[in-house]
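Asks: My questions all concern the structure below.
Nothing in this text is a laboratory measurement; each read-out follows from the coordinates by a stated rule. The shown structure was predicted, so the numbers you read here are calculated from the model rather than taken from an experiment. Cβ atoms come from the backbone with ideal geometry, glycine included; neighbour counts cover every protein chain shown.
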Amino acid sequence: MARTNGKSEVHPEELDIDHELPASDDADEVGSSKGTEPGKAAVGGETESELQKVKAERDALLDRLARSQAEFENARKRASKEQQDFREYALVDAIKPLLPILDSFERALNTQSQPAEFRSGVELIYKQLQDALTKLGVRPIPAQGEPFDPHLHQAIEMVDTRDVPDHHVVEELQRGYKFKDRLLRPSMVKVAKNSQK
C-alpha cells in the first residue's frame, strides 16, 4: 500500500524501520486533532508545526553536510601532506646503505698504498656496493652468452662470428639492471650474426 504524507493507514510490515526518521514530539497533537472538526485554527497549527519540523530537519541535515564536508577537506589535506612527505623522504632507506660505501671510498683515496693493495680495496668497495644494491632489490641482467632479448638488451653492433650462436650476445659493453621486476636500464651489447646455418 502506498504511503501518502502520513494521512493513510500504514501496516507495520510495510515500514522500513532502519530508514525512518524519529517521530516528533507533536505527533500526539496531530493524532488527537484527527477526530476534531477540521477548522482554520487546526489546519493552520498543523501546517505551522509541520513547517517547523521540516525546517529543523533541514537545519540538521545542513549541519551534518557542513561537518562532512569539513571532515572530507581535512582528510584530503592530511593525505596530500602524507604523500608529499613520502615523496621527499622515500629515498632515505635507499641512501643510508650507500653512506658506508662513500666512507670506504674516502678512506681509500686518503691512503698511500701500493697499486695491488689499492686494487684490492676498490674491489672490496665494489662488492660492498653490490651487496647494498642487492638488498634494495637491484639485480644485474645476465647478458654475456645469453640469447638477445630486445626487452633487456640494447644491441649496439652486430658481429660476424662462428664462435657464438646466431642472435646471442657476444660482448657486454655496459651492464643492465632491473629493480625487482622493472627494467632500470638495458644492457648495451654486441650481438652475434652467424650467416652460416
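Asks: Please list 72-78, 121-127, 137-143 highest first by mean number of surrounding beta-carbon atoms within 10 Å per residue.
Replies: Packing proxy ranking, top to bottom: 137-143, 121-127, 72-78.
Asks: Local charge sum around LYS180 (other residues, Cβ-Cβ under 13 Å, Lys/Arg +1, Asp/Glu -1)?
Replies: Details: positive: LYS135, ARG139, LYS178, ARG182; negative: ASP181.
Its environment carries a net charge of +3.
Asks: Would you mind pulling out the separation of the Cα centroids of the range 160-187 and the range 67-107, in Å?
Replies: 35
Asks: Given labels modelled 7 Å from the Cα in the Cβ direction, how far is it in nm from VAL122 to GLU50?
Replies: 9.3
Asks: Once phi is turned into θ = phi - 60°, what whole-Hz ³J(HN,Hα) does the Karplus curve with 6.51, -1.76 and 1.60 give for every residue of the range 56-72, x standing for Gly and Pro?
Replies: Couplings: 5, 4, 4, 4, 5, 5, 5, 5, 4, 4, 4, 5, 5, 5, 5, 4, 5 Hz.
Asks: With a ≥ b ≥ c taken as the square roots of the eigenvalues of the C-alpha gyration tensor of the range 141-197, please select rounded if a/c is under 1.5 and otherwise prolate if a/b is larger than b/c or oblate if it is not?
Replies: Verdict is prolate for the range 141-197.
Asks: Mean shadow of the range 91-136, computed from the convex hull of its alpha carbons, in nm²?
Replies: Values: hull surface 12.2 nm².
Quarter of the Cα hull surface area: 3.0 nm².
Asks: Note down the net charge around GLY137, summing +1 for each Lys or Arg and -1 for each Asp or Glu among other residues with Cβ under 9 Å from its Cβ.
Replies: Combined, the nearby Lys, Arg, Asp and Glu give +4.
Asks: For the range 177-194, in order, what is each residue's ³J(HN,Hα) by Karplus, 6.51 cos²θ - 1.76 cosθ + 1.60 with θ = phi - 60°, in whole Hz (x at glycine and Pro)?
Replies: Along the range 177-194, the couplings run 9, 10, 9, 6, 9, 9, 6, 7, 7, x, 6, 8, 9, 9, 10, 6, 10, 10 Hz.
Asks: Let me ask something additional. Is the C-alpha gyration tensor of the range 37-166 telling us rounded, prolate or oblate? Criteria: a/c under 1.5 is rounded; beyond that, a/b larger than b/c is prolate, otherwise oblate.
Replies: Oblate.
Asks: Multiply the residue separation of GLU73 and LYS193 by 0.36 nm, subtract the distance between their alpha-carbon atoms, and state the gained length in nm to one decimal.
Replies: Contour length minus the Cα-Cα distance gives 36.9 nm.
Asks: So, one more: With each label point set 7 Å from Cα along the Cα-Cβ vector, what nm distance links MET158 and GLN114?
Replies: 5.0
Asks: Continuing with this model, one more query. With θ set to phi - 60° and the Karplus curve 6.51 cos²θ - 1.76 cosθ + 1.60, what are the ³J(HN,Hα) couplings of the range 123-131 in order, to the nearest whole Hz, using x for Gly and Pro?
Replies: These are the phi-based 3J(HN,Hα) values: 5, 5, 5, 4, 5, 4, 5, 4, 5 Hz.
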